[in-house]
Amino acid sequence: MNWPDSNSDLKSGKREQVLDAALALMAERGFHGTTMPEVAERANVGAGTLYRYFTNKEALVNAVFRGCKSEMGRVLMTDFPLGQPLRAQFAEMWRRLWLFAEREPHALSFLELHHHATYLDAESLAVDLAVLGPLVAFVRMGQDAQILKAGPPELILTIVWGVFSGTMRAGQLGHLVIDPQVIALAEAWVWEAIRR
């Protein structure tokens, strides 16, 4: 994962080691199932080093959340083809979600486990809203053009995310072979579910 710099010692890379270790552990065990000593051990750093960067587990999980959510937003929105028809934009958004899942499987698992968690701080919630904002705008644009179903945009996004994350989870568990054909089929079915 490419973590945003936040007053870290770039030469040592220890902050990034801690974040990578926390991401892997929390994606596997969840926030409550991961301890700070386990993170330090996985990162191959001492407890003092860990606490130098993160005052407590809540600060650490928030840094992990912000990094993962920001990366997902970057993958989704960088150079997005806004001039394309809505249907093509949706297909591209779906393709980019899959790309994010392939590149960052731990981040996807982590975000699924920690979505709207009670321990997220104001900064993390702001990052969440910043990533969600363009997606809500996309749905509203489609509704205004009478291409997408009427209703709360967040509900439509929940349907899209639910199918996507469920498909990825089925692949991780070995219940479904995730390949380009399955991803394309799921995208077509989701489009049919949300289009007017």
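The values are calculated or read from the model by the stated rules, or taken from the named source; none is laboratory data. Since we're looking at a predicted model, the values are computed, not measured. Cβ coordinates were reconstructed from backbone atoms using ideal geometry, including for glycine residues, and neighbour counts include every protein chain displayed. All accessible areas refer to the heavy atoms of the entire protein, side chains included, with ligands and DNA or RNA removed. Shrake-Rupley method; radii C 1.70, N 1.55, O 1.52, S 1.80 Å.
Count the net charge of all other residues whose Cβ sits under 15 Å from the Cβ of Gly171, scoring Lys and Arg as +1 and Asp and Glu as -1.
Once positives and negatives cancel, what remains is -3.
Can you quote the Å³ per residue value for the convex hull of the Cα atoms in the stretch 29-157, rounded to an integer?
Residue-normalised Cα hull volume stands at 120 Å³.
Give the carbon-plus-sulfur fraction of the accessible surface of the stretch 107-196 in %, rounded to a whole number; probe 1.4 Å, heavy atoms of protein chains only.
Ligands and nucleic acids excluded, carbon and sulfur reach 65 percent.
Which listed residue (Gly13, Pro85, Met36) has the Cα farthest towards the positive end of the charge dipole for the chain, taking +1 on Lys and Arg C-beta and -1 on Asp and Glu C-beta about the Cα centre?
Going by the charge dipole, the pick is Pro85.
For the chain, report the accessible area per residue in Å² (1.4 Å probe, heavy atoms, rounded to an integer).
52 Å²
Counting each DSSP H run of 4 or more residues in the chain as -39500 (n - 2.57), what helix-only mean residue ellipticity at 222 nm follows after dividing by all residues, to the nearest 500 deg cm²/dmol?
-23000 deg cm²/dmol
Just check the stretch 88-160 against the gyration tensor rule for me: Cα atoms, a ≥ b ≥ c as the square roots of the eigenvalues, rounded for a/c under 1.5, and otherwise prolate or oblate depending on whether a/b exceeds b/c.
Note, shape of the stretch 88-160 comes out oblate.
Trp191 versus Val136, label points 7 Å from Cα toward the beta carbon: distance in nm?
Distance between the two pseudo-spin positions: 2.6 nm.
Taking the Cβ of Leu148 as the centre, find all other residues whose Cβ is under 12 Å away and add up their charges (Lys, Arg: +1; Asp, Glu: -1).
Neighbour charge sum, excluding Leu148 itself: +3.
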